[in-house]
Amino acid sequence: MKTGTIRRKRLPMPPYVMAAALVGLAIILAAILSPLISPVDPTDNASFNLIDAELPPSWLEGGDPRYLLGTDNQGRDLLSAILYGARISILIGAGAVLLAATIGVSLGLLAGYLGGWVDALVMRIADVFLSLPTILLALLVAGIARAVIPDADSVFWAPIILIAAIGINEWVQYARTVRAATMVEASRDYVRAVRIMGLPMPSILFRHILPNVIGPILVISTINLAAAVLTEATLSFLGVGMPPDYPSLGTLIRIGNEYAFSGIWWITVFPAVTLVSLVLATNITGDWLRDRFNPKLRGSK
Amino acid sequence: MVGILISRLIQAITVMLTVTAIAFLMFRFVGDPVQLMSREDASVEEKEELRARLGLDQPVYVQYARFIGRVVQGDLGMSFRNQREVATLIAEKAPATLELVLIATTLSLLIGIPLGVYSALHPNGVLSRAIQGVSLVGISVPTFVTGILLILVFAVSFRLLPSFGRGQTVDLGWWTTGFLTWSGIKALILPGITLALYSLTLIMRLVRSEMIDILSTDYIRFARARGLPERYIIFRLALRNALLPVITVTGLQVGSLIAFAIVTETVFQWPGLGLLFMQAVIFVDIPVMTSYLLLVGLVFVTINTIVDLLYVVVDPRLRARAA
């Protein structure tokens, strides 16, 4: 990877990418800081009251100035719920990306460095995973987890199951990219040198090869974060994700969907708009980063 | 040709054996079937007897062979939740899903191909750019959000179309169809569009890029030089070749179509296989989950094999290479 030659041709950031990056950063920042900036803590039972349930946004008739975006079916402030929900969604998405990257990078390094049957096996498994649709595999993992773990819906287990179910889907792309880059690196002199020095394999792989192949990983992660947040939202919407008392964006949309038919649209529309903006912003930024740093990745999954 | 056929069949059988192995492992080891099927106060002897009756005291490979034997005979076990034969449940729900998938695939081909051809012919036109922009947004909007938005607009605000269920269906004995009643057709519209959108975008982009490639090849230039009518060049010469990859991708998309069908059926409470599976996941109904897995595996493998063979039939070059 001669990143030097690519860096020299600096592409200017088009305005719409700039706007997308700003929107994405704003949502992520607001989500991370939600305990500080949101009006109330929606996970605290004392913060809401059933009397305030299903109030419309404050600028509509019947709205309450205390609740800018209205309230949900339990009287929770929707703005706070969205901020906290976005935080949960992003944390789970980031966890899943981290898990996928760890699995994928390790397997990719091993496959690329060792070659032979290890390589063939890893790539064969990767092909199988690639042919399975994300949601289906994630649902199967979630289903098995629910059978094995009795309180799978609890605040403790739900995020762990989600991270596992999503992460197990996305390692393939990391493995393929890292494998290809590792094969190139493995034939270089510095790798030969550390091998002759008798360094143990983990040290060669992680201390010496990894830093040289890590560039594309960061780019893949941006796009995968968007995909992971989407998958989390879908799973929560389908009812195997976060429980209603600690809702993610998907759970909020699910709750709202049950009320949408009686004209209470805001519970489902505002979280949906937040979700779509976040995903679209991350996708646009990620696409640009990919084209900017590594045009070769274009078109792969 | 026979060689290709045999190798594809062997491949398909290998994949199906793997899928049944996974299904068997889930069926056998995720949760103890004896525990799940016996009363809470059952004695140890009763449990042992049930274990023997279910064949669970046999070696694992014998159990696996018996499992395959039962599956091949169509015995998929009893649903824990409904206490009914899973095979019956699936037969009941399959028509709903198949009709939905049929509508969605038809829609995405009928709309996707013309839009793709159009934007390939006018790559810089205003409409083409608009289509490209919309498709980028379309990819980022998850299926369930699209469904909810359609419900909010067409079912809640305008009250034009139903938001859930299949409407009135006609029972043909072995098949219940929504095509024969007005309310059944109306109920198909929103879920059909929701399910079609993703593959529509994909087909459109694919046809567009293939057409752009093909229109710049020598044989098209030669046809133009000969003065053949434009309509003939585009539809008979170019589009035919552009559709080859569409066959493959449509085949490969079966997996995503199944996955998106689960989501669409949940949004619209469509009483099909996807909703059945979703409820099985939520209520930990292992026999239904494994049966669905087997079914999806079978559909997946069958369609992929057919697409592979179709490709060989359509493209003579592949035949020559294999021979």
Expected output for the stretch A:231-243 (first residue more than 10 Å from chain B (Cβ to nearest Cβ), partner in a loop (DSSP other than H, G, I, E, B) and surrounded by fewer than 24 Cβ atoms within 10 Å (Cβ to Cβ), Cβ below 7 Å, 6+ apart or cross-chain) is A:Pro243/A:Asp153; A:Pro243/A:Val155
Being crowded, with 21+ Cβ neighbours inside 10 Å and free of Cβ contacts under 8 Å to residues at least 60 places away in the same chain narrows A:Ala226, A:Ala260 down to just A:Ala260
Note: among B:Thr176, B:Thr181, just one is among the β-branched types (Val, Ile, Thr), closer than 22 Å to B:Ile90 by Cβ and surrounded by fewer than 20 Cβ atoms within 10 Å (Cβ to Cβ), namely B:Thr176
Do we have A:Glu185 as of a type in the set (D, E, K, R), farther than 30 Å from B:Ser140 by Cβ and either in contact with a Leu (Cβ under 9 Å, 6 or more places away or on another chain) or surrounded by 16 or more Cβ atoms within 10 Å (Cβ to Cβ) (or both) here?
yes
Query raised in the report: Before we move on, is A:Ser221 under 19 Å from A:Ala100 (Cβ atoms), more than 8 Å from chain B (Cβ to nearest Cβ) and in a helix (DSSP H, G or I)?
Result: yes
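Here is a yes/no grid of residues against (1) more than 14 Å from chain B (Cβ to nearest Cβ); (2) in contact with a Pro (Cβ under 8 Å, 6 or more places away or on another chain); (3) of a type outside the set (S, T, N, Q):
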{"position": "A:Asp153", "(1), (2), (3)": "no, yes, yes"}
{"position": "A:Gly167", "(1), (2), (3)": "yes, no, yes"}
{"position": "A:Gln173", "(1), (2), (3)": "yes, no, no"}
{"position": "A:Thr177", "(1), (2), (3)": "yes, yes, no"}
{"position": "A:Ala181", "(1), (2), (3)": "yes, yes, yes"}
{"position": "A:Val184", "(1), (2), (3)": "yes, no, yes"}
{"position": "A:Arg188", "(1), (2), (3)": "yes, no, yes"}
{"position": "A:Val191", "(1), (2), (3)": "yes, no, yes"}
The residue from B:Ile151, B:Ile193, B:Ile131 that alone is within 14 Å of chain A (Cβ to nearest Cβ) and either crowded, with 18+ Cβ neighbours inside 10 Å or aromatic (Phe, Trp, Tyr) (or both) is B:Ile151
B:Ser108 vs (1) modelled with pLDDT of 85 or more; (2) within 14 Å of another protein chain (Cβ to nearest Cβ): all pass except (2)
key: Condition met for A:Val141 (touching a residue at least 24 places away in the same chain (Cβ under 8 Å), part of a helix (DSSP H, G or I) and within 12 Å of another protein chain (Cβ to nearest Cβ))   = yes
B:Gly272: passes all of (1) under 30 Å from B:Phe67 (Cα atoms); (2) within 13 Å of another protein chain (Cβ to nearest Cβ); (3) touching a Ser or Thr at 6+ places or on another chain (Cβ under 6 Å) but (2)
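The values are calculated or read from the model by the stated rules, or taken from the named source; none is laboratory data. Keep in mind that what you see is a predicted model, and the values were worked out from it rather than measured. Reconstructed Cβ throughout: ideal geometry from the backbone, glycine too, with neighbour counts over all protein chains shown.
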